[in-house]
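The values are calculated or read from the model by the stated rules, or taken from the named source; none is laboratory data. What you see is a predicted model; the values in this text were computed from it and never measured. Here the Cβ positions follow ideal geometry from the backbone for every residue, glycine too, while neighbour counts run over all protein chains shown. All accessible areas refer to the heavy atoms of the entire protein, side chains included, with ligands and DNA or RNA removed. Shrake-Rupley method; radii C 1.70, N 1.55, O 1.52, S 1.80 Å.
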Amino acid sequence: CFFTLKALNAQQAGAAAILIADDCNEPLITLNTPEETPATGYVQDIAIPSAVITKSLGDRIKEALSNWDHVDINLHWREPLLRPDELVEYEFWTNGDYECGPTCDSQLEFINNFKGAAQILEQKGYTRFTPHYMTWYCPASFILAEQCKTQCINHGRYCAPDLKHYPNRGYDGKDIVIQNLRQACLFKVANESGKPWLWWDYVTDFAIRCKWIDKYTKECADKVIRSLGIDVTKIDDCIGDTEADAQNPILEAEQKAQIGEGNRGDVTMLPTLMINNRQYRGKLEKGAVLKAICAGFQDATEQAICLSEVLTDIETNRCSENNGGCWEDNIANITACRDTIRGRVCECPVVNGVKYYGDGYTHCESKHVYLTRKKPSLQTRDSGYTYCESKYISLVKKKLSLQRCNPSEIVVWAIILGLGVAGAAGYAYYKYKILVRSLLRYLLPHRLKVLECEVIFIC
């Protein structure tokens with residue numbers, strides 16, 4: 001049964017704590033909360049502490065109890081992190097797959113929230129961050145199988161699972177491995193140029209700009225890479241030929257890093273956070289992780305970012321360099337780049353009350369349409385959207401351009417124009433009645449005189 005069920009059963013039996021002994025001699029692993037299983041329903045009911053102990057310690061305890069010896073056990077929650085120097089080193093084992101369910105959602109949410117703090121810590125030299133990627137290999141006897149072909153690169157050497165229960169993903173495990181390799185190579189190139197923090201921007205931007213069917217195309221990835229000012233050719237050289245029957249140095253090193261040494265332990269699940277060569281055991285949440293990283297500094301060397309409970313005054317200053325890879329209009333002095341405590345974001349701005357729309361990376365423009373002498377003409381395209389075509393002066397580029405009209409705006413304008421036409425017609429009819437009455441009042445007496453004269457003449 002799950003470890004959580006073991007703990008609940010011990011608690012209901014009256015235990016003050018539970019020690020779970022490993023069944024083989026190996027480095028201790030982290031107990032992970034099961035996801036989307038019946039076990040998640042009773043995790044919140046567990047109120048006693050639990051811990052995993054080595055097999056050798058468990059055997060000693062059981063032997064002592066079997067001999068009716070008196071055994072005292074003390075649980076100490078001492079700081080588990082090593083503090084070797086003033087620099088904290090941490091690793092984040094992650095995956096380039098963002099459509100695998102709750103695990104991927106929480107992983108991407110953490111990256112988005114922690115990005116700003118991570119970049120500041122890195123830029124100021126407080127930490128040394130390294131991303132890692134977990135891969136598997138296909139047994140030699142199955143290399144030619146269809147499953148290995150769709151999940152692996154380099155002839156089965158590096159694989160990622162293909163989750164078939166997500167049919168709308170539009171990509172295979174092989175695409176995930178290539179994306180992992182691209183992210184690892186981007187970090188390598190960025191680190192060599194002295195800007196390792198660009199990894200955080202690439203991961204978040206890629207998740208936003210490359211969605212669904214285009215998510216793992218090289219074209220979309222290259223657009224994001226170029227926007228960050230990174231040389232695409234260097235990354236391509238690092239990736240190499242994924243179809244070759246040869247080892248890839250980057251992924252080969254990643255597989256070796258999965259195997260733990262000493263107290264480190266093997267990396268067996270995603271995501272995993274390592275701080276000062278120790279596995280982090282806690283919530284994957286910005287505040288908790290930041291506290292754990294700050295605990296890795298030597299005594300009396302905690303940095304200013306650790307001594308502040310809130311980070312609202314922190315700016316990443318990423319917009320000052322290459323405009324943060326966001327859209328900008330130098331003529332109008334408008335930019336989509338904005339510094340926040342979560343790092344720079346590319347969002348189309350609001351200028352003088354006018355909202356600009358777009359992806360924030362390649363274009364931003366206003367949806368306001370200003371009519372001139374040319375009347376708008378409506379067209380229906382194949383996509384089913386209705387467009388309003390008119391000439392106007394753009395607030396962004398100061399030139400004539402065409403803008404898309406919202407169908408709801410067209411309806412409103414049609415109602416307004418209809419009311420205007422109806423009012424004008426009513427006013428014209430009112431004037432017409434006044435004019436007719438005036439003419440009748442003027443002409444009627446004269447007409448009678450004419451008739452009278454004609455009658456006299458006839459007589």
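Under 6 Å between Cβ atoms, which residue pairs at least 6 apart in sequence (or on different chains) link something in segment 207-236 that is assigned by the TED database to the domain that holds ILE250 and at pLDDT 95 or above with a partner that is among the polar types (S, T, N, Q) and surrounded by 14 or more Cβ atoms within 10 Å (Cβ to Cβ)?
none
Taking only segment 23-50 into account, find how many residues are part of a helix (DSSP H, G or I) and modelled with pLDDT under 80.
Kept after step one, since they are part of a helix (DSSP H, G or I), are these residues of segment 23-50: 38-41, 43-45.
Still in the list and also modelled with pLDDT under 80: 38-41, 43-44.
Total satisfying the criteria: 6.
Out of the residues in segment 281-291 that are in contact (Cβ under 8 Å) with a residue 60 or more places away in the chain and under 17 Å from ILE111 (Cβ atoms), state the one that is least open to solvent (accessible area, probe 1.4 Å).
Keep residues of segment 281-291 that are in contact (Cβ under 8 Å) with a residue 60 or more places away in the chain, which gives 281, 284-286, 289-290.
Checking which are under 17 Å from ILE111 (Cβ atoms) leaves us with 284-286, 289-290.
Numbers: LEU284: 56, GLU285: 92, LYS286: 40, VAL289: 1, LEU290: 19 Å².
Among them, the one singled out is VAL289.
Residue under question is CYS138, and the condition is that it be without any contact (Cβ under 8 Å) to a residue 12 or more places away in the chain, surrounded by 15 or more Cβ atoms within 10 Å (Cβ to Cβ) and either assigned to a helix (DSSP H, G or I) or out of contact with any His (no Cβ under 7 Å at 6 or more places or on another chain) (or both); does it hold? Quick ask: steps written out before the conclusion?
Values: without any contact (Cβ under 8 Å) to a residue 12 or more places away in the chain: no; surrounded by 15 or more Cβ atoms within 10 Å (Cβ to Cβ): yes; either assigned to a helix (DSSP H, G or I) or out of contact with any His (no Cβ under 7 Å at 6 or more places or on another chain) (or both): yes.
No; evaluated as a whole, the condition is false for this residue.
Let me spell it out: the conditions are (1) over 27 Å from the mean Cα position of the chain (by Cα); (2) modelled with pLDDT under 90; (3) surrounded by fewer than 20 Cβ atoms within 10 Å (Cβ to Cβ), and GLY296 meets all of them except one. Which number is the exception?
(3)
Looking at segment 1-22, which of its residues are open to solvent by 50 Å² or more (accessible area, probe 1.4 Å), more than 23 Å from TYR280 (Cα to Cα) and in a loop (DSSP other than H, G, I, E, B)?
Scanning segment 1-22 gives CYS1, ALA13, GLY14, ALA16.
Of all residues in segment 269-280, which are of a type outside the set (D, E, K, R) and surrounded by 14 or more Cβ atoms within 10 Å (Cβ to Cβ)?
Selection gives LEU270, PRO271, THR272, LEU273, MET274, ILE275, ASN276, ASN277, GLN279, TYR280.
Restricting attention to segment 342-359, which residues are under 24 Å from GLY116 (Cα atoms) and more than 14 Å from the chain's Cα centre (by Cα)?
Within segment 342-359, the first condition is being under 24 Å from GLY116 (Cα atoms), and the residues that meet it are 342-350, 358-359.
Listed by number, the residues that qualify are CYS348, PRO349, VAL350, GLY358.
Among (1) at pLDDT 70 or above; (2) surrounded by 18 or more Cβ atoms within 10 Å (Cβ to Cβ); (3) assigned to a helix (DSSP H, G or I), there is one condition CYS306 misses while meeting the rest; what is its number?
(1)
Does ARG226 fit the bill of being farther than 20 Å from CYS138 by Cα, among the charged types (D, E, K, R) and open to solvent by less than 50 Å² (accessible area, probe 1.4 Å)?
On the way: farther than 20 Å from CYS138 by Cα: yes; among the charged types (D, E, K, R): yes; open to solvent by less than 50 Å² (accessible area, probe 1.4 Å): no.
Taking the combined requirement at face value, the residue does not satisfy it.
Only one of (1) touching an Asp or Glu at 6+ places or on another chain (Cβ under 9 Å); (2) open to solvent by 30 Å² or more (accessible area, probe 1.4 Å); (3) on the phi > 0 side of the Ramachandran plot is not met by GLY194, so which one is it?
(1)
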